[in-house]
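Laboratory data are not the source of any read-out in this text; all were calculated from the coordinates shown. No experiment lies behind these values; they were computed from the predicted model shown. With ideal geometry, Cβ positions are generated from the backbone for all residues, glycine too; neighbour counts draw on all protein chains shown.
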Amino acid sequence: MKLDSLTDAVGEWLRGTGPESDIVMSSRVRLARNVAQHPFVSRMSEQDRAEAERFLRERIAAAPVGSQLEYIDVGRLEEIDRQLLVERQLISREHADAQGARGVAIDGLEQVSLMINEEDHLRIQCMHSGLDLRGAWEQIKVVDDQIGRVVPYAFHPRWGYLTACPTNVGTGIRVSVMLHLPALVITRQIDKVFRSLHKISLAVRGLYGEGSQAMGDFYQISNQTTLGKTEEELVEQVGDVVPVLIDYERRAREFLVRETQQNVHDQVSRAYGILRTAQTITAEETMQLLSRVRMGVLLGLIGDVKIADINSLLIRTQPAHLQKLRGVELDTKDRNIERARYLRRHFEGGTSPASPN
């Protein structure tokens, strides 16, 4: 796979075409698996890691799903290319920053990615656009079953799948959705919502998962425990909560339009204006401003701007994507200038926000 092509393509989960995609950016199911009779990655020598990487790469290629995947040797990539995969949600930050033999196998739609030698020997991930946890779960079951026929998984009759982190033992599953919740942030209800989620054992993380900070009002909601419940029950647990969060966000948006329309229109107009005219802009500020514009489009305050384009800009204005698009490595100052230039070109000739009633 030529990584340069990722900057020109739009992954399926970024298209904004799935159910409830005005609020739910993507649905993801991830499985942690290890190879029987092998030490966990953290206890491996360099030779162990190399052998495990070669073993899994060859076995995955032999599985039916292997013909749909392209393998990338992450250990041989330059830092900017590793960061590109992180921004694309195809590998984790930990996988990018690790040392030694490791890789990732990706399908053409960017729905399926298999990380080798991350925290566990194998991390299988499926991502779908919008609220489609059931679809992601059905897809990942097929992938897991196919690989499980050619790879001897570490499994205990009582404890289930054995994993490097105790919180993953059992099913090894993480079920998550990425939500865009700007109205709950503006109305200051977001902390109350998150406290409620913690009470029912759901974790809240930033755009890039564990250890990342929330940017642009995007949050990942996922299960915290994997032991004691079946995969179906955990998919259902997260799936049952998401419609409630969607309802809260929509009510908050309706409140903003009904009670504070001038203020919301001003926020959206300012954000849109800065994106169209800024001479230098950071990645963090861009995310926040795009968040406001995305909400403005969905509220009918901005015309002729597609949600899929905003979703794409959220990724393409990140540091690695920006440098790949430019074709050169840039320091922070030059990235901020190039990001502003890229945004101005994109929005050139765009439609101004509509006047409030």
Review point. Extension gain residue 232-residue 165, at 0.36 nm per residue separation less the Cα-Cα distance, in nm?
Key: 22.0 nm
Study note, to complete from the structure: Net charge (Lys, Arg +1; Asp, Glu -1) of residues whose beta-carbon lies under 12 Å from that of residue 131, residue 131 excluded, is -2
Check your understanding: Hey, what do the phi angles of segment 15-26 turn into as Karplus ³J(HN,Hα) couplings, whole Hz, using 6.51/-1.76/1.60 and θ = phi - 60°, x for Gly and Pro?
Key -> 6, x, 10, x, x, 6, 6, 5, 10, 8, 6, 7
Study note, to complete from the structure: Ranking 317, 346, 260 by how far each Cα lies towards the positive end of the charge dipole of segment 260-347 (+1 on Lys and Arg Cβ, -1 on Asp and Glu Cβ), the top one is 346
**Study point:** Highest-fluctuation residue, 292, 195, 134 considered, GNM on the chain with Cα pairs under 10 Å
**Key:** 195
Check your understanding: With N residues in segment 260-347, what two-decimal value do you get for its Cα radius of gyration over 2.2 N^0.38 Å?
Key -> 1.08
Practice item. Go through segment 283-293 residue by residue and turn each phi into a ³J(HN,Hα) via Karplus (6.51, -1.76, 1.60, θ = phi - 60°); whole Hz please, and just put x for glycine and proline. Key: 5, 5, 5, 4, 4, 5, 5, 5, 4, 5, 5
Practice item. Give the calculated FRET efficiency between residue 40 and residue 331 to the nearest 0.05, with a Förster radius of 30 Å applied to their Cβ-Cβ distance. Key: 0.20
Review point. Give or take rounding to whole Å, what are the principal axis extents of the alpha carbon atoms in the chain, in descending order?
Key: 66, 46, 30
Check your understanding: Summing +1 for each Lys or Arg and -1 for each Asp or Glu, what net charge is found among the other residues whose Cβ lies under 14 Å from the Cβ of residue 68?
Key -> -4
Review point. About its Cα centre, how strong a charge dipole does segment 3-129 have in debye, to the nearest 20, once Lys and Arg get +1 and Asp and Glu get -1 at the Cβ?
Key: 440 debye
Review point. If you average the sequence gap of Cα pairs under 8 Å that are 6 or more apart and divide by the length of the chain, what percent do you get for the contact order?
Key: 19 percent
Study note, to complete from the structure: Spelling it out for residue 203: with amide H atoms placed in the peptide plane at 1.01 Å from N, the residues 5 or more places away or on another chain with amide H under 5 Å from its amide H are 222, 223, 224
Point to revise | Estimated translational D of segment 1-53 in µm²/s (Stokes, Kirkwood radius over Cα pairs; 10 °C; 1.306 mPa s) | key: 105 µm²/s
Revision key, fill the gap. Once residue 158 and residue 279 are pulled to full extension, the length gained, defined as 0.36 nm per residue separation minus their Cα-Cα distance, is 37.6 nm
Check your understanding: If each of residue 344 and residue 8 carries a label point 7 Å out from its Cα toward its Cβ, how far apart are those two points in nm?
Key -> 2.6 nm
Check your understanding: Tell me, what ³J(HN,Hα) does each residue in segment 43-58 have, in order and in whole Hz, if you take phi through Karplus 6.51 cos²θ - 1.76 cosθ + 1.60 with θ = phi - 60° and put x for Gly and Pro?
Key -> 9, 7, 7, 4, 5, 4, 4, 5, 5, 5, 5, 5, 4, 5, 4, 5
